[in-house]
1. Going through 70, 98, 37, 94 one at a time, which residue ends up being assigned to a helix (DSSP H, G or I), open to solvent by less than 20 Å² (accessible area, probe 1.4 Å), hydrophobic (A, V, I, L, M, F, W, C) and at pLDDT 95 or above?
2. Against the definition (modelled with pLDDT under 95, of a type outside the set (D, E, K, R), more than 21 Å from residue 79 (Cβ to Cβ) and surrounded by 12 or more Cβ atoms within 10 Å (Cβ to Cβ)), how does residue 21 come out, yes or no?
3. Considering each residue of the range 8-54, count those that are touching a strand residue (DSSP E or B) at 6+ places or on another chain (Cβ under 9 Å), β-branched (Val, Ile, Thr) and over 14 Å from residue 70 (Cβ atoms), and give that number.
4. Being under 20 Å from residue 55 (Cβ atoms) and open to solvent by 50 Å² or more (accessible area, probe 1.4 Å) narrows it down to one residue among 136, 123; which is it?
5. Would you tally the residues in the range 101-141 being assigned to a helix (DSSP H, G or I) and over 17 Å from residue 70 (Cα atoms)?
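The values are calculated or read from the model by the stated rules, or taken from the named source; none is laboratory data. Here the structure is a predicted model, which means the values were calculated and not measured. We place every Cβ from the backbone using ideal geometry, glycine too, and count neighbours over all the protein chains shown. The accessibility values were calculated without ligands, DNA or RNA, using every heavy atom of the protein model including side chains. Shrake-Rupley method; radii C 1.70, N 1.55, O 1.52, S 1.80 Å.
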Amino acid sequence: MSTNTVTIPEDSEVFGTTTGGFARFEYSAAVRARGLLFIAGQVGYRPDGSLPETIEEQTEWVLRRTEEVLRIEGLAMSDLVEVVSYHPDMQEHLAGFLETKKRFVKEPFPAWTMIGVSGLARPGFLLEVRAVAAYPDSNAR
């Protein structure tokens with residue numbers, strides 16, 4: 001099986017200074033395999049590396065980062081087939097998350113699983129999202 005990693009350009013306006021985290025923590029932003037794109041968990045960093053305090057803004061940056069990985073691969077949010085979101089305090093943040101999510105995710109909706117967790121990699125993270133997208137058949141890689 002052939003796999004290829006996706007590299008986020010260092011001049012990405014969406015990822016900004018946070019691209020160094022991939023090398024530091026030894027993982028890929030995304031991996032292409034058998035016509036699918038597996039996108040690593042995204043968190044709500046702003047391009048300058050700061051972390052918003054609200055679920056709405058963290059959700060926006062998580063989804064903008066996901067959208068940017070898709071754009072680099074010539075895909076769009078409509079190409080998502082599966083999404084998993086991790087929520088340390090789902091009850092408190094669900095409404096803000098869902099309201100912001102509506103701006104980015106339109107029909108046809110991907111399969112989406114929301115999981116409540118006791119914590120994420122950093123205490124300030126209110127959300128993490130990983131996703132899988134499918135390449136159109138004619139562009140399968």
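1. 70
2. Spelling it out, residue 21 is indeed modelled with pLDDT under 95, of a type outside the set (D, E, K, R), more than 21 Å from residue 79 (Cβ to Cβ) and surrounded by 12 or more Cβ atoms within 10 Å (Cβ to Cβ).
3. Residues in the range 8-54 being touching a strand residue (DSSP E or B) at 6+ places or on another chain (Cβ under 9 Å), β-branched (Val, Ile, Thr) and over 14 Å from residue 70 (Cβ atoms): 1 in total.
4. Numbers: 136 fails: under 20 Å from residue 55 (Cβ atoms).
One residue alone meets the criteria, 123.
5. Adding up the residues that qualify gives 1.
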